[in-house]
Amino acid sequence: MFGKDILNGKQLCAALGISTTLLYRLIRSGMPYHQLSPGSRKYYNLEEIKHWLLNAGYQQKTVWAK
């Protein structure tokens with residue numbers, strides 16, 4: 001939809017190899033996201049998310065895990 005850097009939730013799950021359940025857990029843990037207006041869809045910057053995951057202590061093996 002937006003290219004390779006800005007992704008929606010489904011695209012982010014595919015890019016990271018995670019489930020939507022884990023995506024929602026990461027959001028509750030403080031993972032950054034962007035919205036155009038309150039209540040609108042969330043969008044994610046892939047590099048920003050990868051940086052956050054590494055700083056939060058997650059490691060990529062076959063999937064992201066803590």
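The values are calculated or read from the model by the stated rules, or taken from the named source; none is laboratory data. As the structure is a prediction and not an experimental result, all values here were calculated from the model. Here the Cβ is made from the backbone with ideal geometry for all residues, glycine too, and neighbour counts use every protein chain on show. What goes into the accessible areas is simple: the full protein's heavy atoms, side chains included, and nothing from ligands, DNA or RNA. Shrake-Rupley method; radii C 1.70, N 1.55, O 1.52, S 1.80 Å.
Could you tell me the relative contact order of the chain? Use alpha-carbon pairs under 8 Å, at least six residues apart, and round to a whole percent.
Value for the chain: 35 percent.
Keeping to pairs on different chains or 8 or more places apart, tell me how many lysine pairs in the chain have Cα atoms under 14 Å apart.
4
Using a ≥ b ≥ c from the Cα gyration tensor of region 1-47 (square roots of the eigenvalues), is it rounded, prolate or oblate, where a/c under 1.5 gives rounded and otherwise the larger of a/b and b/c decides, a/b for prolate?
Here region 1-47 falls in the oblate category.
For the residue pair Y33 and S19, what label-to-label distance in nm results when each label sits 7 Å from Cα along the Cα-to-beta-carbon direction?
1.8
Mind checking the per residue accessible area of region 22-66 for me, 1.4 Å probe, whole number of Å²? Intermediate results must be reported in sequence, preceding the final value.
Values: 3320 Å² over 45 residues.
Solvent-accessible surface per residue comes out at 74 Å².
For A56 and N8, calculate 0.36 nm times their separation in residues minus their Cα-Cα distance, and state this gained length in nm to one decimal.
Values: separation 48, 0.36 × 48 = 17.28 nm, distance 2.11 nm.
Here the answer is 15.2 nm.
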